[in-house]
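J.: My questions will all concern the structure given below.
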Amino acid sequence: MTISTRPTADAIETAPGLITYQVPGRTEWRLAHHSGLALAYCRDQQHAEHTARLIADFTDWTRSADDIRGNEDVMAGMDELRFLISYEASAVVPERYEPLSSTYTDEDIRQAAAYHEGDTTDGLAVISSMAQSSKFAGLDTDSFNEAFGKVMRIVHPEHYAA
């Protein structure tokens, strides 16, 4: 049974709590927190590893994403982190570190559904993808579940969760 036709990426732990991986089907690489949340978009593996080394001492990346976000010292140093990623490493900071959304739009739902439409992605793959998207990662549980239900009704209207 095929769960998903979307390729997965093999991640390398470049520094404690920081992983790098190649975007499936592309040449670009990502530097991410071990939770999967992207920290930087990089040109290649060496660029991603260099960026990881530059920010490795910024905080204890082995903590959960919520713990890091809740740390006042980390939040106070966000300009320094952006500088390290953007200027020192010449990498791209995803979404310009805008605060995570607490709402979503019909267009966000359409884009999420279009990403999965036509493949054999199951609900677990859809919800995992949504959880890593800045459009949905900041939602509270009820709003996230509502958004997931809307995406599933479009992608798999025959699915029991729809």
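The values are calculated or read from the model by the stated rules, or taken from the named source; none is laboratory data. Since we're looking at a predicted model, the values are computed, not measured. When we count neighbours, we look across all protein chains shown, and the Cβ atoms used for this are built from the backbone with ideal geometry, even at glycine. Note: areas computed on protein heavy atoms with side chains; ligands, DNA, RNA excluded. Shrake-Rupley method; radii C 1.70, N 1.55, O 1.52, S 1.80 Å.
J.: Here is a list of conditions, (1) of a type in the set (Phe, Trp, Tyr); (2) outside any strand (DSSP E or B); (3) crowded, with 16+ Cβ neighbours inside 10 Å, and Tyr41 meets all of them except one; can you say which number that is?
T.: Exception for Tyr41: condition (2).
J.: Among the numbered criteria (1) out of contact with any Leu (no Cβ under 9 Å at 6 or more places or on another chain); (2) in contact (Cβ under 8 Å) with a residue 12 or more places away in the chain; (3) not in a helix (DSSP H, G or I), which one does Leu31 miss?
T.: (1)
J.: If you don't mind, there's one more thing I want to ask. In the set Gly70, Gly77, which member is free of Cβ contacts under 8 Å to residues at least 40 places away in the same chain, open to solvent by less than 40 Å² (accessible area, probe 1.4 Å) and not aromatic (Phe, Trp, Tyr)?
T.: The match here is Gly77.
J.: Among what's in the stretch 12-29 and is open to solvent by less than 40 Å² (accessible area, probe 1.4 Å) and either among the aliphatic types (A, V, I, L, M) or more than 16 Å from Phe58 (Cα to Cα) (or both), pick the residue that is modelled with the highest pLDDT.
T.: Leu18
J.: Take the stretch 46-65 and flag every residue that is of a type in the set (A, V, I, L, M, F, W, C) and over 21 Å from Glu28 (Cα atoms).
T.: Phe58, Trp61, Ala65
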